[in-house]
1. Report the Rg/Rh value for the range 2-136, based on alpha-carbon coordinates and the Kirkwood definition of Rh.
2. Mind listing the phi-derived Karplus ³J(HN,Hα) values for the range 166-182, rounded to whole Hz, using 6.51, -1.76 and 1.60 with θ = phi - 60°, and x for any glycine or proline?
3. Starting with the fewest neighbours, write out L40, L175, L5 ranked by other beta-carbon atoms found within 10 Å of each beta-carbon.
4. For each of T124, T112, T39, count neighbouring Cβ atoms within 10 Å of the residue's Cβ, then give the residues from fewest to most.
5. List the aspartates and glutamates whose alpha-carbon lies under 17 Å from that of K77, not counting same-chain residues fewer than 8 positions away?
6. Among S181, S171, which comes first, then next, by fewest other beta-carbon atoms within 10 Å?
7. Starting from the Cα of K110, step 7 Å along the direction of its Cβ; do the same at E24; then give the gap between the two resulting points in nm.
Amino acid sequence: MIKILIVEDQTMLLDAMKQMINEESDMEVVGITGDASETLKLCRELTPDLVLMDVVTKNEANSLNANGIQYAAKIRKEFPVIKTVIMTAMQEITFVDEARKADIHSYIYKNTGKKHLLYVIRSTIDGIGIYPSPADSPTASYKFTENEISIIRQVCAGKTREEIVQELGISNFFLRNAITSILDKTGFDNITKFVLYALRRNLIVPLSE
């Protein structure tokens, strides 16, 4: 029996996933929570075989420093035998790479069907990591650098160019070149237009206050 802990703050989705998983003869949901910060405690108490972890839960909205990927990484460190699966509805441009760097076992989007979700769970338990194809990402062709992503986040947060230069410790010349590169990669003629596009489509999680 595969024992599963679900970390998801949307009640309807949580209930649906719990019911779907419990209908399988080889799976059982042993715990649920809407707060990723509770997962280590629940892992100690419930000893699940696998954790299904939402990227952003109720106490972490708009936070880049406390998301489900980081808690999943803590699980990997403290409980090496527990498998971790990140799930998200957000096609944020950095999440997949962050999950890989954190050595998370698998990564799925929430719009996946029941069949694929169950396949990912069983494959992960069997030691086969499942990640989305790069072609599944709307930003696959952008290939932003880390500096460009940092600048995009600053613009999304409403920072002026002067504030961005000061915050990131870069020159005005560097910033101008980076913005030109971002626009060349995205096809937009204005950085504000691009960040509005990115925010509407959840391609960027804004910096927290």
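FYI, it's all coordinate maths here, none of it is from the lab. None of these values were measured; they are calculated from a predicted model. Counting neighbours? That spans all protein chains shown, and the Cβs are built from the backbone with ideal geometry, glycine included.
1. On the way: Rg = 13.3 Å, Rh = 14.5 Å.
Dividing the radius of gyration by the Kirkwood radius yields 0.91.
2. So the J values, rounded to whole Hz, are 5, 5, 8, x, 10, 8, 4, 4, 4, 4, 4, 5, 5, 5, 4, 5, 4.
3. On the way: L40 15, L175 18, L5 24.
Sorted ascending by nearby Cβ count, the order is L40, L175, L5.
4. By the 10 Å Cβ count, ascending, the order reads T112, T124, T39.
5. List returned: E38, E45, D49, E98, D103.
6. Working: S181 15, S171 10.
Placing the least packed residue first, the sequence is S171, S181.
7. Here the answer is 2.0 nm between the modelled labels.
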